[in-house]
Amino acid sequence: MLLRGSHVFAEAAVRAGCRFYFGYPITPQNELTEYMANALASLPDGVFIQAESELAAINMVIGVSMAGKRAMTSSSSPGISLKQEGISFLSAMELPAVIINTMRGGPGLGNIAAAQGDYLQATRGGGHGDYRTIVLAPGSGQEMADFTRMAFEYADRYRIPVIILGDGMMSQMMEPVEFPDPIDPKSLPPKPWVLDGAKDRPSRIIKSLILDTSAMEEHNWKLFRKYEMIEKEISQVELFLTDDARLVVIAYGTASRITKGAIKRVREMGLKVGLMSPKTLWPFPKRFLLEMSRVVTDFLVFEMSTGQMLEDVKLSLEGRRRIHFYGRPGGIISTPDEIAKVINNIYFKEGLETEG
Amino acid sequence: MKKVFGKPKSLKDAVFHYCPGCGHSIIHRLVAEIIDELNIEEKVIGVPPAGCAVLAYDYFDIDIGESPHGRGAAVATGLKRALPDRIVFTYQGDGDIAAIGTAETIHAANRGENITVIFVNNGVYGMTGGQMAPTTIIGQISTTTPGGRNEKRDGAPIDLSEMLALTDGTVYIERTAVDTPKNIIRTKKAIKKAFRVQMAGLGFSLVEVLSPCPTNLKLSPVQANEWIGSTMTNYFPLKVIKDKVGKLGASPHLE
Ligand code: SF4
């Protein structure tokens with residue numbers, strides 16, 4: 001199927017058995033909301049509400065999730081800030097949910113061009129309290145479809161909100177996509193913790209208020225252990241031409257696509273350059289990076305921001321290797337030629353052509 | 001021996017933490033009695049707020065999903081849309097519903113969400129220690145209106161129930177109080193009717209209950225109840241604010 005990115009997210013969500021979508025208009029992701037409005041209206045069990053606010057939308061997701069059903073909301077940067085209250089509560093109450101952020105230039109209203117300035121917000125929790133959310137970063141139409149399916153699965157498996165980071169460029173991109181078979185929500189395994197009326201069982205409570213400090217500490221550590229397990233189980237990267245690489249570019253989403261173009265260009269000139277593209281931003285795929293740093297001396301972090309993922313790369317490598325950075329914030333989309341030049345400069349400045 | 005008075009099944013065997021003379025304990029009991037009487041304890045889901053009643057889950061022996069402050073109507077919307085054959089109610093205070101959660105409440109009402117809202121209006125922020133509420137009356141002293149609420153500076157008390165009545169989606173809205181035995185009985189009837197409106201699938205129902213908070217009014221429990229009758233009801237008169245039940249073809253006597 002040939003679909004634009006925002007429609008890919010929506011179609012994939014419906015096929016993942018998501019029958020509940022709540023959203024509030026914001027550019028550049030309205031096509032996603034509109035697709036869901038159509039798709040869910042044509043399903044007997046579909047529920048679409050255009051919410052009065054981002055806050056209302058995420059809280060409707062909370063309600064559906066408490067009832068054990070798959071629910072999604074989506075927005076773009078300023079709207080995602082508003083949803084952070086709900087994301088913190090989802091995390092505290094260990095409720096599954098999928099939230100798509102089509103990132104745009106910021107801070108503030110910023111602009112509606114593609115940017116990657118919400119990396120830290122997404123990967124550090126984003127709302128108040130001691131928590132993390134799974135953050136997935138698709139880099140192609142196919143990955144937008146696959147990762148949306150995966151997001152619902154992770155959300156249910158770990159009882160955690162999952163954020164998918166896209167951007168305005170990816171949501172407009174038309175690419176052929178193969179979708180997995182649709183899931184009938186009725187075929188999903190029942191969740192043993194849901195609220196559906198205390199019939200033939202003791203009553204249940206889903207809450208986040210834990211006044212007792214030791215109980216709260218225990219809950220925090222329980223969440224932490226879950227996060228540790230997730231780090232072990234799901235970190236994922238895509239490697240592109242890294243086998244013989246002396247310089248590895250680290251980039252995700254749209255930046256990784258641009259980088260691929262740049263690498264093809266510099267490879268033609270004989271430069272041994274590869275790409276490592278994190279597919280999970282949280283958990284950050286630290287061990288893949290460490291593994292690679294055993295043979296690679298130079299890394300270039302390229303982001304459409306002033307340097308946010310850069311922090312994770314630095315934290316992972318702990319000063320072991322040279323880390324270079326190139327960033328274009330504000331909605332500027334670099335060309336592959338521009339990145340090829342940056343690669344070229346670093347490559348020769350560090351004398352990588354003579355090494356090994 | 002015949003037992004003439006006991007604890008409703010839908011209440012746990014716990015002692016209320018509410019202050020002496022607090023209206024919450026009475027309203028909790030009424031809600032639990034109604035759940036028992038309507039036989040819905042196996043299909044009801046309650047959504048308590050942030051505020052004094054946040055600990056409602058310690059008392060109700062039914063499924064409970066806690067809402068972020070003010071978002072009860074949105075959480076309840078999600079629950080009810082996901083489980084249309086269950087009975088979903090929120091239990092919210094004045095700050096929760098008429099200040100931070102105004103938007104969620106008005107829009108859920110306007111959509112005609114088939115949920116029941118129990119709105120406890122005691123004219124003050126209880127749990128946080130007695131600050132001005134959206135429903136604090138003119139001249140009433142609170143920790144943030146030390147000289148009394150001043151209309152020019154603080155605005156006038158908001159009548160959310162009347163506002164909600166203007167939206168098409170609301171079916172039944174009544175304001176009652178728990179200051180006297182007679183009014184407590186009236187309150188029970190109203191809440192029961194509100195649940196029945198939902199059970200009949202008619203739409204949004206809300207009961208606003210004027211409730212004493214002696215602690216923050218700095219009055220004795222008896223004085224706090226008297227204050228409701230003598231003063232608070234001047235701003236918030238007890239009455240059926242809206243009742244479309246008959247018009248919708250259902251029996252107008254759902255109570
Ligand atoms: S502070 Fe007021 S509302 Fe809260 S429990 Fe005490 S009396 Fe009741």
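Structure above, values below:
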read-out: The lone exception for A:Lys69 - which of (1) within 24 Å of A:Gln142 (Cβ to Cβ); (2) open to solvent by 10 Å² or more (accessible area, probe 1.4 Å); (3) of a type outside the set (Gly, Ala, Ser); (4) within 14 Å of chain B (Cβ to nearest Cβ) it fails; value: (1)
read-out: Residues of segment B:143-180 satisfying the condition of being assigned to a strand (DSSP E or B), free of Cβ contacts under 8 Å to residues at least 24 places away in the same chain and either within 16 Å of the ligand (Cβ to nearest atom) or open to solvent by 10 Å² or more (accessible area, probe 1.4 Å) (or both); value: B:Arg149
read-out: Per-region count, segment A:132-142, residues more than 11 Å from the chain's Cα centre (by Cα) and either β-branched (Val, Ile, Thr) or open to solvent by 10 Å² or more (accessible area, probe 1.4 Å) (or both); value: 3
read-out: Test set (1) away from the ligand (no atom under 16 Å from the Cβ); (2) modelled with pLDDT of 95 or more; (3) surrounded by fewer than 24 Cβ atoms within 10 Å (Cβ to Cβ); (4) small (Gly, Ala, Ser) - B:Ser220 fails condition number; value: (1)
read-out: Enumerated strands (runs of 3 or more DSSP E) restricted to segment B:41-108, each holding at least 3 residues that are crowded, with 24+ Cβ neighbours inside 10 Å and at the interface with another protein chain (Cβ under 9 Å from one of its Cβ atoms); value: B:44-47, B:63-65
read-out: In segment A:19-52, the residues that are under 22 Å from the mean Cα position of the chain (by Cα), in a loop (DSSP other than H, G, I, E, B) and not charged (D, E, K, R); value: A:Tyr24, A:Pro25, A:Ile26, A:Thr27, A:Pro28, A:Gln29
read-out: Meets criteria (open to solvent by 10 Å² or more (accessible area, probe 1.4 Å) and of a type in the set (S, T, N, Q)) for A:Gln121; value: yes
read-out: Evaluation of B:Pro48 against (1) touching a Ser or Thr at 6+ places or on another chain (Cβ under 8 Å); (2) within 15 Å of B:Thr187 (Cβ to Cβ); (3) within 16 Å of the ligand (Cβ to nearest atom) (one fails), failing number; value: (2)
read-out: Some residue of segment B:125-142 being within 16 Å of the ligand (Cβ to nearest atom), open to solvent by less than 10 Å² (accessible area, probe 1.4 Å) and within 14 Å of chain A (Cβ to nearest Cβ); value: no
read-out: Pair list, Cβ < 6 Å and 6+ apart or interchain, from segment B:1-22 residues that are among the charged types (D, E, K, R) to residues that are open to solvent by less than 100 Å² (accessible area, probe 1.4 Å); value: B:Lys9/B:Asp36; B:Lys12/B:Tyr59; B:Lys12/B:Asp61
read-out: Some residue of segment B:243-255 being assigned to a helix (DSSP H, G or I) and either closer than 25 Å to B:Ala73 by Cβ or of a type in the set (S, T, N, Q) (or both); value: no
read-out: From B:Ala82, B:Ala76, residue being within 30 Å of B:Thr215 (Cβ to Cβ), among the hydrophobic types (A, V, I, L, M, F, W, C) and away from the ligand (no atom under 16 Å from the Cβ); value: B:Ala76
read-out: Condition check for B:Thr233: out of contact with any Ser or Thr (no Cβ under 7 Å at 6 or more places or on another chain) and surrounded by fewer than 19 Cβ atoms within 10 Å (Cβ to Cβ); value: yes
read-out: Condition met for B:Asn183 (within 16 Å of the ligand (Cβ to nearest atom), in a helix (DSSP H, G or I), over 18 Å from B:Thr77 (Cβ atoms) and more than 14 Å from chain A (Cβ to nearest Cβ)); value: no
read-out: Residue tally, condition in contact with a helix residue (DSSP H, G or I) (Cβ under 8 Å, 6 or more places away or on another chain) and among the acidic types (Asp, Glu), over segment A:147-175; value: 2
read-out: Residue among A:Lys260, A:Lys199 that is within 14 Å of chain B (Cβ to nearest Cβ) and over 30 Å from A:Ala39 (Cβ atoms); value: A:Lys199
read-out: Residues of segment B:193-217 satisfying the condition of being over 15 Å from the mean Cα position of the chain (by Cα), more than 16 Å from the ligand (Cβ to nearest atom) and away from chain A (no Cβ under 14 Å); value: B:Arg196, B:Val197, B:Ala200, B:Gly201, B:Leu202, B:Gly203
read-out: Selection count, segment A:78-97, where residues are part of a helix (DSSP H, G or I), open to solvent by 10 Å² or more (accessible area, probe 1.4 Å), out of contact with any helix residue (DSSP H, G or I) (no Cβ under 6 Å at 6 or more places or on another chain) and more than 10 Å from chain B (Cβ to nearest Cβ); value: 3
read-out: Residues located in segment A:166-196, provided they are over 22 Å from the mean Cα position of the chain (by Cα), surrounded by 12 or more Cβ atoms within 10 Å (Cβ to Cβ) and not in a loop (DSSP other than H, G, I, E, B); value: A:Pro185
read-out: Selection from segment A:98-116 of residues that are surrounded by fewer than 23 Cβ atoms within 10 Å (Cβ to Cβ), in contact with a Lys or Arg (Cβ under 9 Å, 6 or more places away or on another chain) and small (Gly, Ala, Ser); value: A:Gly110, A:Ala113
read-out: Residue that is farthest from the ligand (Cβ to nearest atom) [pool: residues in segment B:17-35 that are in contact with a Leu (Cβ under 9 Å, 6 or more places away or on another chain) and open to solvent by 10 Å² or more (accessible area, probe 1.4 Å)]; value: B:Glu33
read-out: Count - residues of segment B:109-123 that are within 16 Å of B:Gly46 (Cβ to Cβ) and open to solvent by 10 Å² or more (accessible area, probe 1.4 Å); value: 1
read-out: Single residue of segment B:9-34 satisfying the filter (more than 15 Å from the chain's Cα centre (by Cα), closer than 18 Å to A:Arg204 by Cα and not hydroxyl-bearing (Ser, Thr, Tyr)) that is nearest to the other protein chains (Cβ to nearest Cβ); value: B:Lys12
read-out: Out of B:Ala194, B:Ala190, sole residue that is touching an Asp or Glu at 6+ places or on another chain (Cβ under 7 Å), surrounded by 22 or more Cβ atoms within 10 Å (Cβ to Cβ) and assigned to a helix (DSSP H, G or I); value: B:Ala190
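The values are calculated or read from the model by the stated rules, or taken from the named source; none is laboratory data. Please read these numbers as outputs of a predicted model, since none were measured by experiment. Neighbour counts are summed over all protein chains in view; Cβ atoms, including those assigned to glycine, are modelled from backbone coordinates with ideal geometry. Accessible surface areas use protein heavy atoms only, side chains included; no ligands, DNA or RNA. Shrake-Rupley method; radii C 1.70, N 1.55, O 1.52, S 1.80 Å.
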